[in-house]
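> Mind looking over this structure? Questions follow.
The values are calculated or read from the model by the stated rules, or taken from the named source; none is laboratory data. Computed from a predicted structure; not experimentally measured. Every residue, glycine among them, receives a Cβ derived from its backbone with ideal geometry; neighbour counts consider all protein chains shown. Accessible surface is based on the protein model in full, side chains and every heavy atom, while ligands, DNA and RNA are left aside. Shrake-Rupley method; radii C 1.70, N 1.55, O 1.52, S 1.80 Å.
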Amino acid sequence: ESTSATYTIVLTDPDAPSRHDQKFGQWRHWVLPGLKPELGQSTVNSAPESNTTAPYQELQVSKTLEAATPYVGPGPGPGTGVHRYVLLLFKEPEGYTILAEDVGGHTKEERRHWNAIEFAKVKGLELVGVNFFLVDT
């Protein structure tokens, strides 16, 4: 992998306002472009929180751009049940640029009905990682 590669991370809630009524999903919580991984020091000590001794290398990430969508943490409404929060990591193409207008506004209403995969297609992003977590109200 090229050491010049940069990445965008996205956090969405497909279950807005609830898992049974997703009329506002995907709700855009965060779009942070310009993440640049950098390898830290190598070591042969035990890896953190591990009972084994093996070589590993720390990974550090520097932020090269401001958030296109400022972070808003999970906050499902009372009684809306379990929400899935999806983290998507996209590799950026060379020469990638992004403006706040590219993702939409920052009000609650403007963050509704966003499609991360369609956004990625338009911007030429390559999906390289996915994770999720659940929040129950």
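> List, please: which pairs have Cβ atoms under 6 Å, are six or more places apart or on different chains, and start with a residue in segment 110-133 that is among the acidic types (Asp, Glu) and end with one that is open to solvent by less than 80 Å² (accessible area, probe 1.4 Å)?
Correct list of pairs: 110/104; 126/91.
> Right, next: In segment 47-80, how many are of a type in the set (Val, Ile, Thr), at pLDDT below 70 and either surrounded by 12 or more Cβ atoms within 10 Å (Cβ to Cβ) or within 25 Å of the chain's Cα centre (by Cα) (or both)?
So the answer is 0.
> Tally time: how many residues in segment 90-113 are assigned to a loop (DSSP other than H, G, I, E, B), surrounded by 14 or more Cβ atoms within 10 Å (Cβ to Cβ) and modelled with pLDDT of 95 or more?
1
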